[in-house]
Amino acid sequence: MESNRRDERLKAGAQAFMVPSVNAKYSYNFSWLGRPIIQYPQDIVAMQEIMWAVQPDLIIETGIAHGGSLIFSASMLELNALCGGPKDAEVLGIDVDIRPHNRSAIEEHPLFKRISMIEGSSVAPEIVEQVKAKSAARKRVLVCLDSNHTHDHVMAELEAYAPLVSPGSYCVVFDTIIEHMPSETYPDRPWGPGNSPKSAVVEFLGRHPEFAVDDRFDRKLLISVSPGGYLRRIS
Ligand SMILES: C[S@@+](CC[C@H](N)C(=O)[O-])C[C@H]1O[C@@H](n2cnc3c(N)ncnc32)[C@H](O)[C@@H]1O
């Protein structure tokens, strides 16, 4: 890991991959147990490491899309349970628009038994209240933010959901990479460098010393959509 960090050629190669691969929508190439998952494989492995280490009994995810990340989380909770982890662990997904074909496919999946979904904006007060109620009795909560990627939206999500994260667990903010991409990368999106999940993370960390970037993931992944986005609750 440390040698990776010092290897300028390797780091330059990784960065050289990131820009064209984001442009090529590389994250849309993959599926998990049959559902499309909009992630880079490196980040999926990092999430597996976190889910094994934390043994969450609740994973809260904003941004469902086709359901791949929900199925991935549910599969990890199932494996954790098989290996002696929490038996009743669940994943709760929130999306402003759960398309009927995606909802059906998720509901018909064998791992749906560990999934629940809420339709609505992740920052709407009534949605936040529902999520808080569902997390009240949980002991180890992990949060993943992957919905609207504007600064203000991610900031509002962080303020709403980061307090639910248990000490030692994580709030993972996806697509911080937007900050490091050329400004013309997202012509049809409201976000871009300066108005991104990363700019929200920087502001949030300035106000919340109970969280810190776990840079072990940055050091070893190199290829990731979430540089500086793996936030660990340290107190
Ligand atoms: C990048 S996709 C999520 C990908 C998914 N987590 C995965 O790994 O496969 C973003 C999703 O965020 C949803 N979204 C956009 N604005 C939202 C909001 N205000 N509240 C909740 N979800 C939102 C979109 O409908 C879309 O499905």
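The values are calculated or read from the model by the stated rules, or taken from the named source; none is laboratory data. As the structure is a prediction and not an experimental result, all values here were calculated from the model. Here the Cβ positions follow ideal geometry from the backbone for every residue, glycine too, while neighbour counts run over all protein chains shown. Please note that ligands, DNA and RNA were not included when accessible areas were found on the heavy atoms of the full protein model with its side chains. Shrake-Rupley method; radii C 1.70, N 1.55, O 1.52, S 1.80 Å.
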**Request:** Answer with one residue from 187, 133, 213: the one whose Cα lies farthest towards the positive end of the charge dipole of the chain, charges on Cβ with Lys, Arg +1 and Asp, Glu -1.
**Result:** 213
**Message:** Give me the base-10 log of I(q)/I(0) for the chain at each q in 0.16 Å⁻¹, Debye formula, one uniform scatterer per Cα, rounded to two decimals.
**Reply:** -1.19
**Asked** Can you give the convex hull volume of the alpha carbon atoms of the range 34-82 per residue, in Å³?
**Response** 72 Å³
**Highest average packing first - 43-56, 219-232, Cβ atoms within 10 Å** = 219-232, 43-56
**Asked** When the convex hull of the Cα atoms of the range 46-180 is projected onto a plane and the area is averaged over all directions, what value comes out in nm²?
**Response** 8.0 nm²
**Message:** Quick check: from the Cα gyration tensor, does the range 1-62 come out rounded (a/c under 1.5), prolate or oblate?
**Reply:** oblate
**Prompt:** Of 45, 158, 26, which is farthest on the positive side of the dipole of the chain, counting Cα position, with +1 on Lys and Arg Cβ, -1 on Asp and Glu Cβ, and the Cα centre as origin?
**Reply:** 45
**Request:** Report, to two decimal places, the Cα Rg of the range 151-233 normalised by 2.2 N^0.38 Å (N = number of residues).
**Result:** 1.07
**Request:** Set Lys and Arg Cβ to +1 and Asp and Glu Cβ to -1, take the dipole of the chain about its Cα centre, and tell me which of 117, 74, 93 lies farthest positive.
**Result:** 74
**Message:** Using only the alpha-carbon atoms, how far is helix 197-207 inclined from the longest principal axis of the chain? Give it as 0 to 90 degrees, nearest 10.
**Reply:** 80 degrees
**Request:** On the protein heavy atoms, probe 1.4 angstrom, tell me the percent of accessible surface of the range 11-96 carried by carbon and sulfur.
**Result:** 63 percent
**Request:** Considering only 127, 106, 178, give the residue with the highest GNM mean-square fluctuation for the chain, with springs between Cα atoms whenever their separation is below 10 Å.
**Result:** 127
**Fill in**
With +1 on the Cβ of every Lys and Arg and -1 on the Cβ of every Asp and Glu, the dipole magnitude of the range 91-235 about its Cα centre, in debye rounded to the nearest 20, is 820 debye
**Message:** For a test of the definition: using alpha carbon positions, the gyration tensor, and the 1.5 limit on a/c, classify the range 16-119 as rounded, prolate or oblate.
**Reply:** oblate
**Request:** Arrange the peptides 139-149, 8-18 so that the one whose residues have, on average, the most other Cβ atoms within 10 Å appears first.
**Result:** 139-149, 8-18
**Prompt:** Taking the Cα-to-Cβ direction at residue 220 and at residue 159 and moving 7 Å from each Cα, how far apart do the two end points lie in nm?
**Reply:** 3.5 nm
**Message:** What number comes out for accessible area per residue over the range 104-197 if the probe is 1.4 Å? Units Å², please.
**Reply:** 44 Å²
**Asked** Magnitude of the Cβ-charge dipole of the range 37-149, K/R +1 and D/E -1, about the Cα centre, nearest 20 debye?
**Response** 320 debye
**Prompt:** Rounded, prolate or oblate: which fits the range 125-190, taking a ≥ b ≥ c as square roots of the Cα gyration tensor eigenvalues, rounded meaning a/c under 1.5, else prolate when a/b beats b/c?
**Reply:** prolate
**Message:** Quick check: at a probe of 1.4 Å, how many percent of the accessible area of the range 168-235 sits on carbon and sulfur atoms?
**Reply:** 52 percent
